1. Within 10 Å, count the other beta carbons around each residue, average over each peptide in 141-149, 105-113, 4-12, and list them highest first.
2. Evaluate E = 1/(1 + (r/R0)^6) for Leu106 and Lys4, where r is the Cβ-Cβ distance and R0 equals 25 Å; express this FRET efficiency to the nearest 0.05.
3. Which residues' amide hydrogens lie under 5 Å from the amide hydrogen of Glu24, considering only partners 5 or more residues apart or on another chain, with H built in the peptide plane?
4. Using only the alpha-carbon atoms of the chain as identical scatterers, what base-10 log of I(q)/I(0) does the Debye formula give at q = 0.11, 0.18, 0.20 Å⁻¹?
5. Cut-off 10 angstrom, C-alpha nodes, Gaussian network model of the chain. Which of Lys136, Lys100, Lys123 fluctuates the most?
6. Which of these, Tyr30, Tyr116, Tyr76, has the largest mean-square fluctuation under a Gaussian network model of the chain (Cα springs below 10 Å)?
7. In which sequence would Phe140, Phe42, Phe154 go, from the one with the fewest C-beta neighbours within 10 Å to the one with the most?
8. Can you give me the angle between helix 51-68 and the longest principal axis of the chain, using Cα atoms only, in degrees from 0 to 90, rounded to the nearest 10?
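What follows draws every value from the coordinates through simple rules; no lab data is involved. Since the model is a prediction, treat every value here as computed from it, not as a measurement. We place every Cβ from the backbone using ideal geometry, glycine too, and count neighbours over all the protein chains shown.
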Amino acid sequence: MKRKEIEQKVTELVNNLLSGDMVELVDVEYVKEGQDYFLRVFIDKPDGVTINDCETLSRSMDGKLDEYDWIKEHYYLEVSSPGLDRPLKKPADFQRNIGKRVEIKLYQSIDDNKLYEGVLVSKDGEKIVIETEQEKQITFTESQVALVRLAITF
């Protein structure tokens, strides 16, 4: 089974396990790093994720993943919070974070720059708009953007 298929099936499984819960599935990744495979599940909730939330979901997933046997390789299951610099992927992620500082990484440079930072102004369909410190608004299309994540500010 291909990586994207595994991620989609695990997404469906996790959403079913979390239904009725206050916990939200943020992302699922199935990646190979060196010799090892990792299935990473990122969850969040309004008041923050605890280690108990991660442990509960991990235990629930373990049996189901063994039962369905979608992944033939040996892998490590990791369930965690997305962290302070969480990626924004779903429309709801963008809407919830309008007015917050974000980092945008591009596939190809624009004006010799692949990394932009600013306040998220809007995300409308294919367009993402930020305002830089120079009060300049920049618009990116989804096809230009490799990653959008919350910027860590201190």
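1. On the way: 141-149: 13.8, 105-113: 9.1, 4-12: 15.3.
Ranking, from highest mean packing down: 4-12, 141-149, 105-113.
2. Values: r = 22 Å, r/R0 = 0.89.
Computed FRET efficiency for Leu106 and Lys4: 0.65.
3. Asp44, Lys45
4. -0.52, -1.11, -1.23
5. Largest GNM mean-square fluctuation: Lys136.
6. With Cα springs under 10 Å in the chain, the top fluctuation among Tyr30, Tyr116, Tyr76 is at Tyr76.
7. Exposure proxy ranking, most exposed first: Phe154, Phe140, Phe42.
8. Orientation of helix 51-68: about 60 degrees from the principal axis.
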